[in-house]
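A quick write-up on the structure given underneath.
The values are calculated or read from the model by the stated rules, or taken from the named source; none is laboratory data. Fair warning: this is a prediction, and the values are worked out from it, not measured in the lab. Using ideal geometry, Cβ is built from the backbone for each residue, glycine included, and neighbour counts are taken over all protein chains shown. Heads up: the accessible areas ignore ligands, DNA and RNA and are worked out on the full protein's heavy atoms, side chains in. Shrake-Rupley method; radii C 1.70, N 1.55, O 1.52, S 1.80 Å.
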Amino acid sequence: MDRTQVVLSAGAIRRQEEFTRRIAALHRQRAHPPLAMVDTYGCQQNVADSQRIMGMLRDMGCGFTQEPGQADVIVINTCAIRENAEKKVFGVVGQLVHVKEKNPEAVICLCGCMAQQEIVAEKIRRSYRHVDLVFGPQALWKFPELLYGVYTEKRRVFSTGDEYGTIAEGLPVVRESGVKAWVSIMYGCNNFCSYCIVPYVRGRERSREAADILAEVRQLAEAGYREITLLGQNVNSYGKDLDRPMDFADLLREIDKIPGEYLIRFMTSHPKDAGEKLFETMAACSHTARQLHLPVQSGSSRVLKAMNRGYTREQYLEKVRLARQAMPDIVLTSDIIIGFPGETEAEAMETVSLIEEVRYDALFTFIYSPRPGTPAAKLPDPASRAEKQRWFDKLLDSQNRISAQLHQSYVGKTLRVLADGESGDGLWPLSGRTHGGRLVHLKGGRELVGRYADVKITGSNTWALFGEAL
Ligand code: 5AD
Ligand code: SF4
């Protein structure tokens, strides 16, 4: 695949804008402007994708609602990473049959990673006949054309074919707040970790041109956004496919030259591709947050090999050492999978010992969930669910103790904290984030939202800090 086939032409995007205009014209013929509901499951990439879908819906003349009963267009943006996420979505979609009974004109759309799987599309086709439009992440850019098809041809539309994946620049967007923004820098994944469905549903790795990313970040910084999170399934692979190769560290350096009072965060980093150059660049860039999400998945080299992760326990620990050498105050977080097929209790305890050794600030922990079509789903999996739960609980106990201890060490310190929103809680009316991304429940007036404040940390628990703006 060469770049000219990957990056969609301006003409292809303009064609979609034409469909948007035609839909807006149809909407104007209605007695009331239509309302849309976008319901999002899963990761930040899905949140970012939903903001693009909302941008398109807004340009079609839609207002927004959270109430399915009031909505004329319902979009469910789904996640396929674990079975639980899928079950939840099937439950939600099942309920929508009542919405369709009351309002047969309502259009129900299912998109995201679940929608890209043929088995899911087939199930929707047969058993969820009230769903009108199904499209995977690769087809998101042509949502206007697909929706126009549903409107004008009065038929169900499925756009879920296996596609290599493209890059669409210039899609409209509705961002959630004036404080935080997501910027995708690349799409897809080439790693094929043996448990993971993502490479099958989000296509091959493809990087946006640096110039496009820089323009978006500059625009956000000028608009006053304070926290910009760069997104990619594996940001450390950034640039490998560009005609003029540059890597993720080079990109961070270029972004850092953009003036403004903002912080750059990013996720997710794959340990096999993260190294000294990245850590030193992070340390040298004044806009880059002292935060690194470096998913280890397992502390057992045998399991890591079976997961196809491309590093050993020792190599991972060495990366952590290098990161801390470059940035002693780095906030480290990780993802862990317990109960990978064939994992023994001793191997699970190697993971517990790794987290005791690293002492992460926080963890995202999961019990392995078989994903049809992935190599791991075919492996024998003798450990019982109850056994895995026991290992998982041990892991959580350890991590909760470590997080509580690390948070306790902040108490009494004064930190620069970005107040990023209102919490609705009377006692701690604001929420904020430290430079390293830890959550702070804040006392202070709403005028602080969107600003950095010096905050005295007065308390802590396992999950967060508590503080008062000085
Ligand atoms: N089962 C459990 N957890 C999974 N993850 C990915 N695939 C699976 C699976 N099949 C976890 C990994 C990944 C995070 C986003 O989700 O830890 O880093
Ligand atoms: Fe899945 Fe591995 Fe790609 Fe992450 S790097 S999306 S875990 S295949």
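Cross-link candidates for Lys102: which lysines have Cα within less than 24 Å, leaving aside residues fewer than 8 places away along the same chain?
Lys88, Lys123, Lys154
For the pair Arg385/Ser353, report the inter-label distance in nm, with labels modelled 7 Å from Cα in the Cβ direction.
3.1
If the only charges are +1 at each Lys and Arg Cβ and -1 at each Asp and Glu Cβ, what is the size of the charge dipole of the chain around the Cα centre, to the nearest 20 debye?
600
Could you tell me which chymotrypsin sites (Phe, Trp or Tyr not before Pro) in segment 141-205 are loop residues by DSSP with no more than 15 other beta carbons within 10 angstrom of their beta carbon? Mind dumping the intermediate values first?
Details: sites: Trp141, Tyr148, Tyr151, Phe158, Tyr164, Trp182, Tyr187, Phe192, Tyr195, Tyr200; in loops: Tyr164, Phe192, Tyr195.
Passing sites in segment 141-205 are Tyr164, Phe192.
How big is the charge dipole of segment 232-280 about its Cα centre, in debye rounded to the nearest 20, if each Lys and Arg gets +1 on its Cβ and each Asp and Glu gets -1 on its Cβ?
Dipole of segment 232-280, to the nearest 20 debye: 100 debye.
Can you give me the P(r) profile for segment 94-210? Cα pairs, bins 5 angstrom wide beginning at 0, each as a whole percent.
Binned Cα distances yield the sequence 2, 10, 17, 19, 19, 14, 12, 5, 2, 0.
How much space per residue, in cubic angstrom, does the convex hull of the C-alpha atoms of segment 222-265 take up?
85
So, by mean Cβ neighbours within 10 angstrom, what's the order for 438-446, 279-287 with the highest one leading?
Ranked from most to least packed, the peptides come out as 438-446, 279-287.
Along the charge dipole of segment 413-470, Cβ charges K/R +1 and D/E -1, which of Leu470, Gly445, Leu430 sits furthest on the positive end?
Sorting the options by dipole projection puts first Leu470.
As a check on your grasp of the helix formula, calculate [θ] at 222 nm for the chain: sum -39500 (n - 2.57) over DSSP H runs of n ≥ 4, divide by the residue count, round to the nearest 500. Mind showing how you got there, number by number?
On the way: 14 runs with 173 residues, N = 470.
So the calculated ellipticity at 222 nm is -11500 deg cm²/dmol.
Normalised by the number of residues in the chain, what is the relative contact order in percent for Cα pairs under 8 Å and 6+ residues apart?
On the way: 931 pairs, mean separation 47.1, N = 470.
Relative CO of the chain lands at 10 percent.
Would you mind putting 356-362, 12-18 in packing order, based on average other-beta-carbon counts within 10 Å, highest first?
356-362, 12-18
Which percent, nearest 5, of DSSP beta bridges in segment 176-289 are antiparallel?
15
With N set to the residue count of segment 276-331, report its C-alpha Rg divided by 2.2 N^0.38 Å to two decimal places.
1.25
With a/c under 1.5 counting as rounded, go ahead and sort segment 5-140 into rounded, prolate or oblate using the C-alpha gyration tensor (a ≥ b ≥ c being the square roots of the eigenvalues; past the cut-off, prolate if a/b is larger than b/c, else oblate).
Note, shape of segment 5-140 comes out oblate.
Probe radius 1.4 Å, ligands and nucleic acids left out: which of Lys388, Lys180, Lys240, Lys456 has the largest accessible area, and how do the rest follow?
Output order, biggest surface exposure first: Lys240, Lys456, Lys180, Lys388.
When only C-alpha pairs under 8 Å and at least 6 residues apart count, what is the relative contact order of segment 1-145, in percent?
Working: 196 pairs, mean separation 35.6, N = 145.
Here the relative contact order equals 25 percent.
Classify segment 37-79 from the C-alpha gyration tensor, please: rounded if a/c falls under 1.5, else prolate or oblate depending on whether a/b exceeds b/c.
Oblate.
Would you kindly enumerate the cysteines in the chain that have no other Cys beta-carbon under 4.7 Å from their beta-carbon?
So far as the 4.7 Å Cβ criterion goes, Cys43, Cys62, Cys79, Cys109, Cys111, Cys113, Cys189, Cys285 stand without a partner in the chain.
Can you send over the solvent-accessible area of Tyr452, 1.4 Å probe, protein chains only, in Å² to the nearest 10?
About 50 Å², rounded to the nearest 10.
Quick one: in segment 169-230, what % of C-alpha pairs are over 13 Å apart?
Here the tail beyond 13 Å accounts for 68 percent of pairs.
Going toward the positive end of the dipole of segment 7-166, with +1 on Lys and Arg Cβ and -1 on Asp and Glu Cβ, which of Ala48, Gln117, Val107 do you reach last?
Among Ala48, Gln117, Val107, the one farthest towards the positive end of the dipole of segment 7-166 is Val107.
What Kirkwood hydrodynamic radius do you get for segment 229-319 when you take the inverse of the mean 1/r over all pairs of distinct Cα atoms, in Å?
One decimal place: 14.1 Å for the Kirkwood radius.
P(r) for the chain: what percent of alpha-carbon pairs falls in each 20 Å bin, starting at zero?
For the chain, the binned pair fractions read 22, 55, 22, 0 percent.
Once you sort the root eigenvalues of the Cα gyration tensor of segment 43-111 as a ≥ b ≥ c, which label holds: rounded (a/c under 1.5), prolate (a/b larger than b/c) or oblate (the other case)?
The shape class here is oblate.
Pick out, from Gly275, Pro137, Gln16, the residue whose Cα sits farthest towards the positive end of the charge dipole of the chain, with +1 on the Cβ of Lys and Arg and -1 on the Cβ of Asp and Glu.
Of the candidates, Gln16 comes out farthest on the positive side.
Any idea what angle helix 44-59 forms with the longest principal axis of the chain, computed on alpha-carbon atoms, 0 to 90 degrees, nearest 10?
Roughly 30 degrees between the two axes.
How do 242-255, 337-350 rank on mean C-beta neighbours within 10 Å, highest first?
Numbers: 242-255: 16.9, 337-350: 19.4.
Output ranking for 242-255, 337-350: 337-350, 242-255.
Give or take rounding to whole Å, what are the principal axis extents of the alpha carbon atoms in segment 340-423, in descending order?
52, 28, 20
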